[in-house]
Each structure stands twice: as C-alpha cells, then as structure tokens.
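Engineer: Once you've had a glance at the structure underneath, I'll fire off some questions.
The values are calculated or read from the model by the stated rules, or taken from the named source; none is laboratory data. As the structure is a computational prediction, the values presented were derived from the model and not from experiment. Virtual Cβ from ideal backbone geometry, glycine too; neighbours counted across all protein chains shown.
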Amino acid sequence: MERGLQATFLLGARSARPRQPFAIRRQTVDGVSSSSLHAQAPPLNRLIVASCYNEAMIASANIVFFSGTGCTAQSARALKDSLEKLDIGVRVEELRGPISGTPAIDEDVLILMYPLYTFNAPLPIYEYVDHLEGAKEQKVALVPVSGGGDVAPNRACRLGIRRELERKGYAVVYESMIVMPCNVIVCTPEPAAKALLEKLPSRCDEIARDISKGVVLRIDPPLTDRLFSKIGDWEKGYWGRIRFSEKLAVSDTCVSCGLCAQTCPRKNIDMVEGLPRFRDDCVMCLNCIYGCPEKAISAGCGSFLVLKNGFRLSEYRTASAVDEERIVPLLKGALWKGVRRYLFG
C-alpha cells in the first residue's frame, strides 16, 4: 500500500479553467498492481511527490534496448554502470534483427530503453513485447531517449508500449527520459550536445536511484501528445518498413566495404555483387546513411529527416566543453525548450 506520501501540488490553480499539463504520478508503494496504480492516480492536473522506501528491494535488472545511431546504446551502458554502483546485478540485451523465441526475464525489473521514432517507441520494442509471455506483476521501467526532451509532443512516447505491457500483466512502475543529441531534421548545437553527453552519467544515477528505491513514476500525457504518437504507425507500416527502404540510393562512391550491412540493427541489408541491397524490414534509424564512410547512401523518401552534415556521436564526445552562459543562447525558442529544461532546470 501507499507509504510516505508527503505532498500534493495543484498545477494551474490560478485559472478558472486550468491548463492540464501532463501528469507525473510519483509514488512509493509496496505490492500494488499496475491496474490499481492507475485507479489510485490523481487527476491530470495533480503532481504527487512521495518519499522512497526499501533501498534493497531491487537486486537485479535486465536492460533491453534498441539503438540506431548509438545514443540509446550509450545511454544503456551508462545506466548499467549507475545500477552496478548500487550493487544491482545487470544483464544487458541489444535488439538486433528479427526476434525469435520467447525472451526470458529472471530479474526483479525489466528496463526498456529506446529512441523516439515519430513520438513513439520504435517497431523493435513493440516486437519484443509481442514476443513476451504473460507475467503477473513483473516490474517494468520505460526509459526512452529523445533529442527534444520530455515536452510536447514527445510525452506520449511511453503510452503505447505501456498499454501493450499491461495487457500481458506487466506492471509498468517507472517512466523517465534521457536526452541526447538530436539526429533527425535539426542538429543539436555542438556545445549543447557536449553538455548532454556530460550530463548522461548523473542523469543515469538519478534514474538508477529511483529504480533501486522502488519509486513509482507514471506519466499521463495530454490528448495532443497522444495524437502525435499515432504518427508512429507511419514509421512502423508501409512508409517506414518498405517505402523508405526501397528508395534508399547508393552512389558510385560506394567502395563495397559492407559496413552498412554489418552495423544495420535490423539486419536489413545484404551485400550483393559488392553493393548494399535493402530489404523490406527498415525502421528508418538512418544508421546506414550516417555510418557510411564514403557518404554513398542517401534517402530518396523522407530525405528531410537526414541532417545535412550527418551525425556521429563520437564527434560530440571530443568537442570542447562550454559553460551554461554560452549554451543557453543557442537553445532559444520552443524547439529547444525540453533540452533547456533537462540541462538547466
């Protein structure tokens, strides 16, 4: 049952018709199912803050992640390090290629990590959950990785996968987000990207402490964000899996190195007569485009997604550190609101 409830804050109480921001349900509970958590949750305009309990409750964790261009992979490694510092045993699995068989979960908590694809979880995460057997109250944490932060229209990125898990009896007890450099449409300014990488360890320490202490944190997004998350069906259907893939073009600068086929997280690329051939199981992760050393692969469909100067996470790691005063002016406007909040509060 609920323990240590400390305070309740009403948001938007000054207006007659308060705006209803997404609700963060933060509780510490013992033996409460996901369905009863939902029933006990406050209205959408309430933020509940509660103290933590029993730090020894979580002894083991299984991190399962999908990563396209490396941001989620690096985040998963960082979270593993943070959990292990708390003496939690961690098993890490990366989703690559088709899923076969039934995944086994023997740990206290399953942690799903994934990049945001069109305001939702990517297809491989849904496939993984689809292959899971039913489980009674197996605890799950959802930790997506975004280039824009936990603001509109990203806030429903956990809702679809949470519902799929709960249909199978899993208890989604914790939801958070990690912000990393953006790899589609607009490029994160280099100083801000460097700052995001520097913040990653401390952010993962926060998440690890919450998980280890049994903090329950569930996020209910507003209707607008839920509608945006439906665009994710576009990426998972014909336009993502087939149309985008069949329109990928290979120029004569290709040197037949095969790197694209080796690193494709969906194993969707075959080398045929020295050239990459794309099959029909693409998820638009852009790994092949950004990872090609000769820049020989280009998008014929959805080319607006691709950053003009490419994306290499390793380049941000070596960038010079910059203080807050120089970063903030680079993050002006609504587009970078979530990144500003994540970095500087």
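Engineer: From the list 334, 299, which one is surrounded by 15 or more Cβ atoms within 10 Å (Cβ to Cβ), farther than 14 Å from residue 181 by Cα and either acidic (Asp, Glu) or not assigned by the TED database to the domain that holds residue 68 (or both)?
Structural biologist: Values: 334 fails: surrounded by 15 or more Cβ atoms within 10 Å (Cβ to Cβ).
None of the other options fit; the residue is 299.
Engineer: For residue 322, state whether it is under 23 Å from residue 195 (Cβ atoms), part of a loop (DSSP other than H, G, I, E, B), out of contact with any strand residue (DSSP E or B) (no Cβ under 9 Å at 6 or more places or on another chain) and hydrophobic (A, V, I, L, M, F, W, C). Before the answer, list the steps.
Structural biologist: Details: under 23 Å from residue 195 (Cβ atoms): yes; part of a loop (DSSP other than H, G, I, E, B): yes; out of contact with any strand residue (DSSP E or B) (no Cβ under 9 Å at 6 or more places or on another chain): yes; hydrophobic (A, V, I, L, M, F, W, C): yes.
Yes, satisfied.
Engineer: Another question about this same structure. Pull up the range 282-309, narrow it to residues that are part of a strand (DSSP E or B) and aliphatic (A, V, I, L, M), then point me to the one that is nearest to residue 124 (Cα to Cα). Even if it seems obvious, please write down each step before you answer.
Structural biologist: Taking the range 282-309 first, the residues part of a strand (DSSP E or B) are 297-299.
Still in the running and aliphatic (A, V, I, L, M): 297, 299.
Numbers: 297: 23, 299: 21 Å.
Checking each candidate, the answer is 299.
Engineer: Taking the stated definitions as given, is residue 271 among the aliphatic types (A, V, I, L, M), surrounded by 12 or more Cβ atoms within 10 Å (Cβ to Cβ) and farther than 30 Å from residue 153 by Cβ?
Structural biologist: yes
Engineer: Counting only residues that are touching a Cys at 6+ places or on another chain (Cβ under 9 Å), over 19 Å from residue 290 (Cβ atoms) and surrounded by 24 or more Cβ atoms within 10 Å (Cβ to Cβ), how many does the range 58-80 have?
Structural biologist: 1
Engineer: A further question follows. Just need a number here: residues in the range 230-254 that are modelled with pLDDT under 80 and either assigned to a helix (DSSP H, G or I) or β-branched (Val, Ile, Thr) (or both).
Structural biologist: Let us first name the residues in the range 230-254 that are modelled with pLDDT under 80, namely 231-242.
Restricting the remaining residues to those that are either assigned to a helix (DSSP H, G or I) or β-branched (Val, Ile, Thr) (or both) gives 231-236, 238-242.
Selection size over the range 230-254: 11.
Table: residues versus (1) small (Gly, Ala, Ser); (2) farther than 17 Å from residue 113 by Cβ.
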{"position": "166", "(1), (2)": "no, yes"}
{"position": "195", "(1), (2)": "yes, yes"}
{"position": "204", "(1), (2)": "no, no"}
{"position": "212", "(1), (2)": "yes, no"}
{"position": "215", "(1), (2)": "no, yes"}
{"position": "233", "(1), (2)": "no, yes"}
{"position": "243", "(1), (2)": "no, yes"}
